[in-house]
Amino acid sequence: MKTIADIAKIAGVAKSTVSRYLNGGSVSEETKKKIELVVQETGYAPNAFAQSLKAKKTNIIGTIIPRLDSYATSRTLMGIDERLRELNYHMLVSNTGQDLKREIENIYTLAKQKVAGIILLATEVTNAHLKAFEEIDVPVLLVGQQHESVYSLVHDDETAGYAIGKYIAQRGHKKIAFLGVGEYDVAVGVNRKKGFAQAVGEHAADVEARFFETTFSMSDAAEQACRILDDFSPSAIVCATDNIALGAMKAAYQKQLQVPRDLSITGFGGYEVTAMTNPSLTTVHIHFKEAGQTAADHIAKLVKGEEVPKLAYSRFDLILRESVDIRTMHNL
């Protein structure tokens, strides 16, 4: 791989002259032809990423994520990266390991690195986040969470929660457990639960729904689901994520319950593995990759000073599979 220094040496000019030529600066016609000839002969291609970092205005979009081992995150990143490449931007990914302090630090760090914009896959929005957004001179787009003062792209969690709640109630389930996460996560911990609660509340007065919390960990979800089965004995467990649903399926197996004959289980996310489980999991499929593409479109427009909606929603589909049974009089 040839460097700028190599090109300068072969062309017989200064390294600064080659750099000026590559950045569109003023170079004599004779020198320009020398450099062009060497570039053609060597097949030299400038490092666009490095050039961008040196420029006053970069074409780098910083993307902050809470964790790497997440299907939702990886699919969203695929969509962001794919669309940014089409728009001639580069993506710089920063992982926080679900550490809010690191998340705030990364916002300031990316701004100092002169990124053109920041996409934040947020789990919550605190006052420290809002302070950081105000202090940096960089457009910011939230994905997965929303705030009235920040451009946001969210999954339609409340409507999706309503859809899965309505479906499970229509299947005749009278004792339903909702297994979610803490309300610090507004999207997963509040909105999905809120939509579900509204749906089952509207369906029938004799439906008993109870609400439980766990973490995003499958093993934690399995432990909590075991306790729910012991203490409540629901006919269905509606889970706020597919990982939680997989934990609930493990708990059913440990309790020697058959899904869906003895216990129906639903998830949320539409992870590919849910089609491969036995039985396959009924779930809400969120179009994460498409959401990533939309996020890239919106941040690119914000960088250019163009208008985008303050709040936008991604699509979802209800995927009906084998893990939900119809309750009949003999198995209520």
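The values are calculated or read from the model by the stated rules, or taken from the named source; none is laboratory data. Remember, it's a predicted structure, so these values are computed and weren't measured experimentally. We place every Cβ from the backbone using ideal geometry, glycine too, and count neighbours over all the protein chains shown.
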_Failed item, numbered, when Ala187 is tested on (1) assigned to a helix (DSSP H, G or I); (2) in contact with a helix residue (DSSP H, G or I) (Cβ under 7 Å, 6 or more places away or on another chain); (3) modelled with pLDDT of 95 or more; (4) within 27 Å of Glu103 (Cβ to Cβ)_ = (3)
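Tell me, which residue of the range 121-138 that is charged (D, E, K, R) and not in a helix (DSSP H, G or I) is farthest from Met91 (Cα to Cα)? I'd like the intermediate steps shown before the answer.
Taking the range 121-138 as the starting set, the residues that turn out to be charged (D, E, K, R) are 124, 131, 134-135, 137.
Filter once more, so that each one left must be not in a helix (DSSP H, G or I): 124, 137.
Numbers: Glu124: 22, Asp137: 18 Å.
That would be Glu124.
In the set Leu77, Leu84, which member is closer than 13 Å to Gly292 by Cβ, part of a helix (DSSP H, G or I), of a type in the set (A, V, I, L, M) and within 10 Å of the chain's Cα centre (by Cα)?
On the way: Leu84 fails: within 10 Å of the chain's Cα centre (by Cα).
Checking each option against the conditions leaves just Leu77.
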*asked:* Which residue is surrounded by the most Cβ atoms within 10 Å (Cβ to Cβ), if the candidates are limited to the range 33-49 and must be under 16 Å from Ala8 (Cβ atoms) and modelled with pLDDT under 70?
replied: Pro46
*Would you confirm whether any residue within the range 153-169 is without any contact (Cβ under 8 Å) to a residue 40 or more places away in the chain, part of a helix (DSSP H, G or I) and under 16 Å from the mean Cα position of the chain (by Cα)?*
yes
_Every pair of residues 6+ apart whose Cβ atoms lie under 7 Å, when the first sits in the range 192-208 and is outside any helix (DSSP H, G or I) while the second is surrounded by 12 or more Cβ atoms within 10 Å (Cβ to Cβ) and of a type outside the set (Gly, Ala, Ser)_ = Asp206/Lys174; Val207/Lys174; Val207/Ile176; Val207/Val200; Glu208/Lys174; Glu208/Lys175
*asked:* Let me confirm something: among Lys250, Lys194, Lys255, which residue is closer than 18 Å to Ile164 by Cβ and among the basic types (Lys, Arg)?
replied: Lys194
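Matching residues to (1) more than 25 Å from Lys250 (Cβ to Cβ); (2) surrounded by fewer than 15 Cβ atoms within 10 Å (Cβ to Cβ):
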{"residue": "Tyr162", "(1), (2)": "yes, no"}
{"residue": "Lys166", "(1), (2)": "yes, no"}
{"residue": "Leu179", "(1), (2)": "no, no"}
{"residue": "Lys193", "(1), (2)": "no, no"}
{"residue": "Phe196", "(1), (2)": "no, no"}
{"residue": "Gly201", "(1), (2)": "yes, yes"}
{"residue": "Phe212", "(1), (2)": "no, no"}
{"residue": "Met218", "(1), (2)": "no, no"}
*Kindly establish whether Thr73 is buried (at least 19 other Cβ atoms within 10 Å of the Cβ), out of contact with any helix residue (DSSP H, G or I) (no Cβ under 6 Å at 6 or more places or on another chain), modelled with pLDDT of 90 or more and under 30 Å from His298 (Cβ atoms).*
yes
*If you go through the range 107-120 one residue at a time, how many are over 18 Å from the mean Cα position of the chain (by Cα), not hydrophobic (A, V, I, L, M, F, W, C) and not in a helix (DSSP H, G or I)?*
2
*Conditions (1) closer than 26 Å to Ser314 by Cβ; (2) modelled with pLDDT of 95 or more; number of the one not met by Glu272*: (2)
*Being modelled with pLDDT of 85 or more, touching a helix residue (DSSP H, G or I) at 6+ places or on another chain (Cβ under 8 Å) and part of a helix (DSSP H, G or I) is the filter here, so list the residues in the range 1-32 that pass it.*
Ala5, Asp6, Ile7, Ala8, Ile10, Ala11, Lys15, Thr17, Val18, Thr31, Lys32
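Quick check on the range 155-198: of everything there that is among the small types (Gly, Ala, Ser) and touching a Lys or Arg at 6+ places or on another chain (Cβ under 8 Å), which residue is nearest to Ala291 (Cα to Cα)?
Step one: list which residues in the range 155-198 are among the small types (Gly, Ala, Ser), which gives 160-161, 163, 165, 169, 172, 177, 180, 182, 187, 189, 195, 197.
Now drop any that are not touching a Lys or Arg at 6+ places or on another chain (Cβ under 8 Å), which leaves 160-161, 172, 177, 180.
On the way: Ala160: 15, Gly161: 18, Gly172: 34, Ala177: 29, Gly180: 23 Å.
Among those that are among the small types (Gly, Ala, Ser) and touching a Lys or Arg at 6+ places or on another chain (Cβ under 8 Å), it is Ala160.
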_Lone unmet requirement of (1) modelled with pLDDT of 80 or more; (2) under 30 Å from Leu84 (Cα atoms) for Ala55_ = (1)
*asked:* So if I check each of Asp242, Asp317, which one is among the acidic types (Asp, Glu), in contact with a helix residue (DSSP H, G or I) (Cβ under 7 Å, 6 or more places away or on another chain) and either more than 25 Å from Thr73 (Cα to Cα) or at pLDDT 95 or above (or both)?
replied: Asp242
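Determine whether the range 171-181 contains at least one residue that is of a type outside the set (D, E, K, R) and either farther than 18 Å from Cys239 by Cβ or part of a helix (DSSP H, G or I) (or both).
Our first condition is that a residue be of a type outside the set (D, E, K, R); within the range 171-181, this holds for 172-173, 176-181.
So of that shortlist, the ones also either farther than 18 Å from Cys239 by Cβ or part of a helix (DSSP H, G or I) (or both) come out as 172.
Yes: one or more hits.
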*Could you count how many residues in the range 234-271 are assigned to a helix (DSSP H, G or I) and over 26 Å from Val186 (Cβ atoms)?*
6
*Which residue pairs have Cβ atoms closer than 8 Å, lie 6 or more positions apart in sequence or on different chains, and pair a first residue in the range 271-288 that is touching a residue at least 12 places away in the same chain (Cβ under 8 Å) with a second residue that is of a type in the set (Phe, Trp, Tyr) and surrounded by 19 or more Cβ atoms within 10 Å (Cβ to Cβ)?*
Thr283/Phe268; Thr283/Tyr271; Val284/Phe268; Val284/Phe316; His285/Phe316; Ile286/Phe268; Ile286/Phe316; His287/Phe316
